[in-house]
Structures are given as structure tokens and as C-alpha cells.
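*Asks:* Before anything else, here's the structure in question.
Values quoted throughout were computed directly from the atomic coordinates according to the rules given, and no laboratory measurement underlies them. Small disclaimer: the values here were computed from a predicted structure and weren't measured. Cβ: placed from backbone, ideal geometry, glycine included. Neighbour counts: every protein chain shown.
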């Protein structure tokens with residue numbers, strides 16, 4: 001094998017994500033041939049060098065495992081929780097022996113599809129915005145956003161003083177007011193990035209609180225029949241589809257795979273525009289209802 005950056009070696013071995021591996025290196029928890037390493041640019045060859053994390057030798061990584069889980073609400077995406085809440089690893093139980101890591105996050109109150117794997121390279125491509133893997137969410141909010149608010153969400157809103165990337169936002173269903181209580185709305189949101197609690201913060205930025213949030217697709221991966229708390233291995237075909245994802249062309253917004261049922265108010269980040277008809281030169285306008293003859 002050739003020498004690679006330490007954080008990539010750790011991620012490929014399933015020890016942690018690249019970002020978490022970088023933190024381990026900066027904290028002095030990684031050694032190479034007995035020497036503590038604290039620089040992120042350090043390289044090593046796992047087939048030759050002795051790489052240790054917290055004093056434990058990094059073994060040859062096991063066969064890659066790719067797991068799709070339908071995370072239920074009330075479960076945290078972490079290995080250990082200080083509040084002793086149930087974790088996704090409790091759901092995995094003893095059926096998964098490989099040291100898989102979650103790809104991205106879903107918060108405690110959110111549900112839906114979650115990938116777990118020990119393939120650090122693929123995990124990075126799926127999680128990082130540059131990889132081009134879009135995630136699809138269905139969101140229930142209090143009240144019904146106006147077309148102007150949906151357009152704001154699609155263009156991008158400020159979250160912690162940083163504007164979100166362009167997205168696709170659709171109004172797919174509404175619930176009317178009842179007994180003086182305002183109605184609700186279901187939205188479909190397609191994102192190419194995945195900041196902490198991003199969808200919830202986006203909705204709050206336009207004045208609508210989220211009551212339900214579920215992720216229904218990760219790139220080409222969908223499974224509406226997977227029960228809450230259930231999980232399975234990805235099929236070979238799904239893996240091929242994931243690896244085939246390419247970054248979208250610059251300036252092009254995400255587009256849903258199919259049109260939803262029910263009322264739809266769709267706002268893409270860059271709406272298509274029809275070219276304006278060319279005006280004929282002054283003094284040469286053809287008579288109404290007649291076509292100009294073209295000599296060849």
C-alpha cells in the first residue's frame with residue numbers, strides 16, 4: 001500500500017469519521033511507530049507502519065459493511081449518550097460486529113433513513129456537500145408557508161450568520177384550520193448539504209416550527225417499507241448507484257425524482273426562464289398574420 005493521510009487511514013478502518021479522526025490527531029491520541037503525531041498532514045502506510053489510537057494497534061480493516069436503518073424518533077445517532085437515551089447501536093445489537101459509523105446525523109426528534117458503514121471513503125463522499133449526494137426530507141410545520149417564504153427557503157436563509165446553499169422546496173400537502181387552531185403543512189426539502197439541525201433552523205428562519213421531520217431518501221436510496229428501528233444491508237445495485245453519484249453542475253438546483261400527489265407549490269433555486277421572442281428591426285416588421293419569406 002502507499003502512504004496516506006492519517007485521518008483517511010483511521011476513517012477507512014472505521015475508527016471514526018475523517019473530521020473526528022482529525023480531532024483525535026490534534027489531541028495527540030494517535031502514534032506512528034511509537035511517535036505521537038499532532039499534524040494533520042502526516043502520512044503513513046498501514047501495511048508497514050505501526051499506527052495506534054489510544055495505545056491500541058490499528059488492525060487491518062474488516063470487510064466493508066453498508067447498513068441502511070430507519071431511525072425512529074427518540075433515538076440518538078451516537079455510540080454513548082450522557083443522558084442514557086437509546087442509541088442506534090442499541091438497535092443494531094449483536095447482529096453487526098463491524099465498527100460501523102453513521103454517515104451524517106439525524107437529531108433525537110427526527111426519523112428516517114440513516115446509513116452506517118466502515119467504508120470511510122464512501123462515507124465522506126456521501127456526507128460532504130462536494131460529493132453531490134442529495135438528501136430528501138419530508139417536514140410537517142405549523143401553519144402554511146406562503147410562496148414567498150418557500151422561495152426564500154429555496155434561495156437560502158441565514159443560519160448562524162451563514163447562508164444555506166440553494167435547495168428545492170415543495171409544498172406537498174396542507175391541513176385546514178379546525179376549531180380555531182391554525183392548519184399545518186407538509187413540505188418536501190431536497191438538500192445538498194447537511195449542517196446541524198439544518199432543516200429545522202431553515203423553517204424557523206421563515207417563522208414555521210417543525211413538528212415532524214423524516215428523511216426519505218439518501219441519494220438514490222429509498223425504502224418506504226423498512227419499519228422504524230429496522231435495518232438491512234444495502235444491495236449490490238444500491239452500492240453501485242451510490243458510487244455513481246457525481247457532483248451536480250454549478251448553479252443547478254436539486255430536482256425531485258417524481259412529482260408528489262396533492263397540491264404542489266414548487267420553487268427551485270434557479271427557475272427556468274423561457275427566452276424572450278426576438279423583436280424585428282424597426283421598419284421591417286412583417287404584416288400581422290403573415291410570415292416573412294426567407295430567400296435561400
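*Asks:* What does the C-alpha gyration tensor say about the overall shape of segment 48-159? Classify as rounded when a/c is under 1.5, otherwise prolate if a/b is larger than b/c, or oblate.
*Replies:* Prolate.
*Asks:* If you take the square roots of the eigenvalues of the alpha-carbon gyration tensor of segment 4-57 and sort them as a ≥ b ≥ c, do you get rounded (a/c under 1.5), prolate (a/b over b/c) or oblate?
*Replies:* rounded
*Asks:* Between segment 5-72 and segment 111-157, what is the separation of their alpha carbon centroids in Å?
*Replies:* Comparing the Cα centres of segment 5-72 and segment 111-157, I get a distance of 28 Å.
*Asks:* Of 231, 108, how do they rank once you tally other Cβ atoms within 10 Å and put the fewest first?
*Replies:* Ranked by crowding around the Cβ, least crowded first: 108, 231.
*Asks:* Can you quote the Å³ per residue value for the convex hull of the Cα atoms in segment 66-267, rounded to an integer?
*Replies:* 144
*Asks:* Next question. At a Förster distance of 35 Å, what's the computed FRET efficiency of residue 165 paired with residue 33, Cβ-Cβ distance as r, to 0.05?
*Replies:* The formula returns an efficiency of 0.25 here.
*Asks:* By how many nm would the segment from residue 197 to residue 175 grow when fully extended, if each residue of separation counts as 0.36 nm and the alpha-carbon distance is taken off?
*Replies:* The span from residue 197 to residue 175 would gain 5.5 nm if fully extended.
*Asks:* For the residue pair residue 148 and residue 52, what label-to-label distance in nm results when each label sits 7 Å from Cα along the Cα-to-beta-carbon direction?
*Replies:* 6.4
*Asks:* Among 115-122, 194-201, 99-106, how do they line up from the highest to the lowest mean number of other beta-carbon atoms within 10 Å?
*Replies:* Top of the packing list down: 115-122, 99-106, 194-201.
*Asks:* Report the full-extension gain for the segment residue 109 to residue 45: residue separation times 0.36 nm, less the Cα-Cα distance, to one decimal in nm.
*Replies:* Length gained between residue 109 and residue 45: 18.9 nm.
*Asks:* In what order do 2, 35 fall by count of nearby beta-carbon atoms within 10 Å, going from fewest to most?
*Replies:* Fewest-to-most Cβ neighbours within 10 Å comes out as 2, 35.
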